[in-house]
Structures are given as C-alpha cells and as structure tokens.
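The structure under discussion appears below in the form of structure tokens.
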C-alpha cells in the first residue's frame, strides 16, 4: 500500500476551516511560491548550458544532443516527481528534488567529459522544474476557492517570469566576472536554500492507510479524457511560448539581425509581463468570482499566442519582432492561469501530484518540439511558413477547448446528478 500526499485535501468550503488554519495553509503556499521564484531567478543552468558545453569543445550536434537529454529529463521529471508527491508526500518530494539539484548542478558545471555532461544533464533536467507539480498539488490541497487559486496562479506565473528576467540579466553580468561554472554553483545554492526552507515550513508527510494505490492513480490519469484534452490544448498553445526562445532567434538570424536585437525582444517581453501581470491577474480573479468556466478565456489565449507570435514570420526589423513578442504576452499570462485553475478542478484528490506532473510536461514537450517545427518550416517554406505553423498551433489549441469544455460540463452533470 502506498503512502499519500503530504496534506489533507482542501475542504469544499473555506468556512469549514478555522481562520488560523487558513492563514497557516496560505502561508505555506506563499513560502513555496517565493522559493520557486528564487530558484528560477538563480536558474542559470539551462540558459547557459550551451555555453558551458562549448567549453568542452563539443560540436554543434554534440551540444544539441546534450540539450536534448536535458529536455528529456525535464519532461520525465514532471511526471515522476508529480507522482512522487502523491506517493511519498509533498515535502519529501520537494526537499529531495531540490537536494538532488544542489548536488547535480555543480557536477554539470564542472563536467570535463561529454559522458559526464550527458549524465549530469539528465539528472539536472529531471529536477530543474521540480517545484511546478509539487506546488500545484499543494495549492489544490490548501486552497478551496477559485478566486484565491486564480490569484496564486497569476502570481506564480509572474514570479517565474521575474525570475527568468533576473536569470538572463544577472547571469550575463556575472559570467564575465565569475566564469560559467560558478553560475551552476549559485544555482545549486539556491536549490539548497529552497530545500531547507521547504523542510522547515512544510508540514511533515503522513501516510494514510486508505490511500489509493499507485496503479489506481495512474489508471485514473491515463483514462481521464479531460486531462489529456487539457494537455493537448496547453501543449499546442505553449509551442508559440517556447518559440520566444527558439523560433524568434531562428527568424531573426534568417533576417540577418544581430544577437543584440534578439536580446531586445527578451527585454521587451519581460517588461510586458511586468506591466500586464498585475492588472490581468486582478481581472482573472474577478472573472473567477462569477463561477463560470474559464475555458473560453483559455481558447482566446491560444489564439493570441498563435497569431501574435506567428506574426513574427512577417517581421523584418527589430521593432517588428519586439511587437510580435509583446503581443503574445497577454495570451501567455491568461493561458497559465486558466490552465492551472482548470487542472485543479479535474484532478482527483489522490492524484493531484500526478495530474500536475503530467500537465507540467507540456512545457517541456513544447520546448523540445518548437525548434524542430521552426527549423523544418524555415527550411521548407521560409518565415511565412513559420508564421503559418505557429498560428496553426494556436488555432489547434483554441479549437480543442470546445471538446474540453463539453467534457467538463458532462463530468459536472455526472457529479451533481442524484445517485
């Protein structure tokens, strides 16, 4: 018999919880959100990995191969750690993953051979985004109302983007002073601090004899059409998001623009996130108070991402690429918030970690697929085909929201209908 997750599932009404208990639960959530932001802000390992591998005199193909192994580890880690959060407990999984990251990242930074780099890249990828499924499960455990969940989802995404902006800016300044390997040690130190904070603030994990077996949870997830429709919707819409880091550089290089021009697109997109996150989060929270489905907003976000970032295929100047990057930012914010809240609705209590991990793998899958799609499109049809394929991804994501909404309505009717 497997053990259960760390916390008792959230009750159906916030009124059923004493105010002190509610504050204590929310305090744990916010500590984890801040900790995840810290880890992402010091997350130099992935953005600077290709430069570190170049120091080993690897070929372009060799560097791409190691990056692919990192991506495979990232994708697998979301599912494995999500399930571990259900079986071993939230605190055990998060503390263990961050401790493993603190050990693996310096090895990656100091790797002297290709074999060592590959092995360390797989392990580092496995734990690189470990907080995502665990925190998603903790929020589902602790927060019973959609309004608060929506606000937390918005601030989580805001923190991730702030962290990413800090990573690029601070990393670029430090690398000439400290060298590349030191960045990996700093990343490891942030993970170690997060592990200590999680161990201190999170309640101890407790086994529960009535916990469903791991096979039961996996069977539930594999046969839940809501989960897989949400997965496909998110995956299709996230390919344009991943394109901010893979498609845009290819297009701008094709237009013979300097690397500094691409840097301006990243500065502009980070600025757009800072400006738009607070008002959009407040607006989404107000929408959540109505008790209506957020799926139509998710469909709109997919369209904004596909058409907005797809417009980069028609740009020829730095300003054009900057505008394309900024147009997609509202869609990115809305997508992450609405998808996270939707996931909270469909995940059963005994498999929240597994569901969060499976959904979290969409970003890793998009990161792997986006450059492949962009490279094929650019080779076979040029920038305009890149634009068309990026827009098509957004359209597919929006279209798949219709069956997702129908499935959720059907499940809601089954749940509320009398036995």
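Computed from the coordinates by the stated procedures, all read-outs in this text should not be read as laboratory data. All values reported here derive from a predicted model rather than from experimental measurement. Please note: Cβ atoms are built from the backbone with ideal geometry, for glycine as well, and neighbour counts cover all protein chains shown.
Overview of values
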| read-out | value |
| --- | --- |
| Distance (nanometres) between label positions extended 7 Å along Cα→Cβ at residue 24 and residue 282 | 3.3 nm |
| Distance cut-off 29 Å, percentage of C-alpha pairs in segment 1-211 lying past it | 28 percent |
| Contour minus Cα-Cα distance for residue 409 and residue 119 (0.36 nm per residue) | 99.9 nm |
| Overall form of segment 265-331 per C-alpha gyration tensor (a/c, 1.5; a/b vs b/c) | oblate |
| Kirkwood hydrodynamic radius of segment 216-419, from inverse mean 1/r over distinct Cα pairs, in Å | 17.6 Å |
| Equivalent ellipsoid dimensions for segment 93-197 as semi-axes, Å, which come from the Cα gyration tensor, largest first | 29, 17, 10 |
| Label-point separation in nm, residue 314 to residue 204, each point 7 Å along Cα→Cβ | 6.3 nm |
| 25 °C / 0.890 mPa s Stokes-Einstein diffusion coefficient of the chain, Kirkwood radius on C-alpha pairs, µm²/s | 112 µm²/s |
| Gap separating the Cα centres of segment 323-380 and segment 22-85, nearest whole Å | 15 Å |
| Spin-label pair residue 275/residue 178, simplified geometry with 7 Å Cα→Cβ offset, distance in nm | 3.2 nm |
